[in-house]
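K.L.:
Before anything else, here's the structure in question.
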Amino acid sequence: MTTYSIADPDIIQQVGNVMQAHHTPLSSAEVRVGVLMAYNPDGAAVKAGGYPARASIRVVPHKDRVTKGYDAEMVIDLMEWESMRAEHREALIDHELMHLELKMKKVKGPKGSPPDYTIDRDDQGRPKLKMRKGDWNAGDGFREVVARHGDYAPEFENLTRARSMAEAAKGERS
């Protein structure tokens with residue numbers, strides 16, 4: 001059975017630091033992220049798309065924002081977190097925050113001028129968010145298909161494509 005607890009203040013602060021360093025639009029809009037730690041001694045405490053994950057994030061529904069006091073909720077697998085180095089933890093937080101995107105609305109300007117955009121806000125004045133998909137997905141896989149087809153299995157093609165895109169992105173590091 002999975003149990004949940006509110007993350008320690010240092011983890012919440014780390015999420016804020018990563019947001020400020022790498023997600024300026026979210027930080028500037030004062031997006032609030034609640035952080036829960038999930039624990040399951042029998043297996044994965046967090047799943048995404050039905051598969052074990054180190055963490056997940058979601059946009060909090062409008063009415064729940066009133067009671068929770070935050071706009072998005074990150075859930076981190078406690079056992080995974082405790083096994084990770086600081087660099088991996090920061091990258092994990094960065095990854096989860098990448099899934100959040102501000103909703104923007106068009107603002108009418110003078111006739112003939114290009115449209116301008118502003119952050120869309122709810123009736124509480126909180127920024128509206130939407131989920132962003134990753135730039136790639138390696139898809140699911142089956143051991144038996146790989147055993148039968150080796151390098152020709154779609155699993156290898158998907159992983160090769162994802163690896164190639166990740167390597168290209170790694171080359172863009174500043």
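K.L.:
Can you tell me the dipole magnitude for the stretch 49-174 around its Cα centre, using point charges on the Cβ only (Lys, Arg +1; Asp, Glu -1), in Debye to the nearest 20?
P.N.:
800 debye
K.L.:
Quick one: work out the % antiparallel among DSSP beta bridges in the chain, nearest 5.
P.N.:
So the antiparallel bridges amount to about 75 percent of the total.
K.L.:
By the gyration tensor of its Cα atoms, with a ≥ b ≥ c the square roots of the eigenvalues, what is the shape of the stretch 6-92: rounded for a/c under 1.5, prolate for a/b over b/c, or oblate?
P.N.:
In terms of gyration-tensor shape, oblate.
K.L.:
What does the charge add up to near residue 35, with Lys and Arg as +1, Asp and Glu as -1, over the other residues with Cβ less than 10 Å from its Cβ?
P.N.:
-3
K.L.:
At what distance in angstrom do the alpha carbon centres of the stretch 26-62 and the stretch 113-130 lie from each other?
P.N.:
The stretch 26-62 and the stretch 113-130 have Cα centres separated by 24 Å.
K.L.:
Of all accessible surface on the chain at a 1.4 Å probe, what whole percent is carbon and sulfur?
P.N.:
Numbers: 6220 of 12030 Å².
Its accessible area is 52 percent carbon and sulfur atoms.
K.L.:
Just check the chain against the gyration tensor rule for me: Cα atoms, a ≥ b ≥ c as the square roots of the eigenvalues, rounded for a/c under 1.5, and otherwise prolate or oblate depending on whether a/b exceeds b/c. List each step's numbers first, then the result.
P.N.:
Details: a/c = 2.04, a/b = 1.33, b/c = 1.54.
Since a/c reaches 1.5 but b/c is at least a/b, the shape of the chain is classed as oblate.
K.L.:
With the contact rule set at Cα under 8 Å and sequence spacing of 6 or more, what percent relative contact order holds for the chain?
P.N.:
17 percent
K.L.:
Still on this structure, I have one more. Restricting attention to the stretch 79-161, which trypsin sites (Lys or Arg not before Pro) occupy a DSSP loop and are surrounded by at most 14 other Cβ atoms within 10 Å? Before the final figure, lay out the partial values.
P.N.:
On the way: sites: 85, 89, 103, 105, 106, 108, 111, 121, 128, 130, 132, 133, 143, 148, 161; in loops: 85, 103, 108, 111, 128, 132, 133.
Of the trypsin sites (Lys or Arg not before Pro), the ones in loops of the stretch 79-161 whose Cβ has at most 14 other Cβ atoms within 10 Å are 85, 103, 108, 111, 132, 133.
K.L.:
Turning to a different aspect of this structure: So what is the 222 nm mean residue ellipticity for the chain from helices alone, if each DSSP H run of at least 4 adds -39500 (n - 2.57) and you divide by all residues, rounding to the nearest 500 deg cm²/dmol? Display every interim value, and only then the final one.
P.N.:
Details: 7 runs with 69 residues, N = 174.
The per-residue figure over the chain is -11500 deg cm²/dmol.
The values are calculated or read from the model by the stated rules, or taken from the named source; none is laboratory data. This structure is a prediction, so every number in the text was calculated from the model and none was measured. Positions of Cβ are generated from backbone atoms using ideal geometry, with glycine treated the same way; all protein chains shown enter the neighbour counts. The protein model used for the area step is the full one, side chains on, heavy atoms only, and it has no ligands, DNA or RNA in it. Shrake-Rupley method; radii C 1.70, N 1.55, O 1.52, S 1.80 Å.
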